[in-house]
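A.B. asks: Below are the structure tokens for one structure; questions will follow.
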Amino acid sequence: MKTLVGAAAVFALALGACGEKKAPEVSGIGKYKFTTTRLRHVKDGNCQPTELSDGRKGTWCFSLPGFKIGKSIAEMDLYFLGQDPEATLIEIQLKVRGCVEADVESWMRAAFGPPIESKATRAYWKNQYVWAAALLPSEPARCLVHLLPLSENSEIERIKLE
């Protein structure tokens with residue numbers, strides 16, 4: 001009888017855990033998602049052809065609406081692979097001037113959970129869609145956050161070496 005009661009309790013716990021909804025993992029920032037955003041979706045700001053650090057042709061979009069992190073407003077830049085309207089989003093960069101490092105780290109932890117690695121002035125996060133680096137600070141009173149899809153291995157390695 002005890003075994004039956006114990007098995008029923010384990011089953012009930014398992015059912016309860018299955019019924020809980022897990023929040024979806026972050027796949028971008030605001031309306032810009034690595035899974036769906038194409039260059040044609042950018043309606044604000046200014047987009048210009050550029051050469052990416054590894055020599056590929058790309059598009060850089062800047063002067064986009066700011067993004068609030070803590071008490072600061074971050075400037076947002078987007079990078080796309082290619083220059084046609086269907087070019088895919090390959091990096092979101094947030095530049096936080098007057099950065100309060102604790103606010104940026106707190107925001108990153110809320111969005112991505114605990115970092116996978118931390119060093120003196122940087123921390124890294126990763127989920128099924130995004131690899132992220134927060135340079136805390138990247139320069140005096142400035143923090144820089146890089147978000148990239150996992151497919152951008154060479155850029156991820158380059159940022160780690162900065």
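What follows is calculated from the coordinates using simple rules that are stated; it is not laboratory data. These figures come from a predicted structure and were not determined experimentally. We place every Cβ from the backbone using ideal geometry, glycine too, and count neighbours over all the protein chains shown.
A.B. asks: Given the DSSP H assignment, sum -39500 (n - 2.57) over each helix run of at least 4 residues in the chain and divide by its residue total; what's the result at 222 nm in deg cm²/dmol, nearest 500?
C.D. replies: -7500 deg cm²/dmol
A.B. asks: Can I ask one more? Return TRP125, TRP60 ranked ascending by Cβ neighbour count within 10 Å, so the fewest neighbours appear first.
C.D. replies: If I rank by nearby Cβ atoms, fewest first, I get TRP60, TRP125.
A.B. asks: Hey, another quick one. Under 9 Å from the Cβ of SER138, count the other residues' Cβ atoms, weight Lys and Arg +1, Asp and Glu -1, and hand me the total.
C.D. replies: Net charge in that neighbourhood comes out at +1.
A.B. asks: Still on this structure: Could you line up LYS119, LYS126 from fewest to most neighbouring Cβ atoms inside 10 Å?
C.D. replies: LYS119, LYS126
A.B. asks: Principal axes first, then extents: for the Cα atoms of the chain, list largest minus smallest coordinate on each axis, whole Å, largest first.
C.D. replies: 72, 37, 28
A.B. asks: Please find, in a Gaussian network model of the chain (springs between Cα atoms separated by less than 10 Å), the residue of THR121, THR37, THR88 whose mean-square fluctuation is greatest.
C.D. replies: Result for the chain, Cα springs under 10 Å: THR121 fluctuates most.
A.B. asks: May I ask for the net charge around GLY45, where only other residues with Cβ less than 13 Å from the Cβ of GLY45 are counted and Lys, Arg are +1 while Asp, Glu are -1?
C.D. replies: In short, -1.
A.B. asks: DSSP H helices in the chain with Cα extent of 24 Å or more along the helix axis and mean Kyte-Doolittle hydropathy at least -0.5?
C.D. replies: 2-19
A.B. asks: Separate question: As a footprinting exposure proxy, order CYS99, CYS61 by other Cβ within 10 Å, with the fewest listed first.
C.D. replies: Ascending Cβ contact count within 10 Å gives the list CYS61, CYS99.
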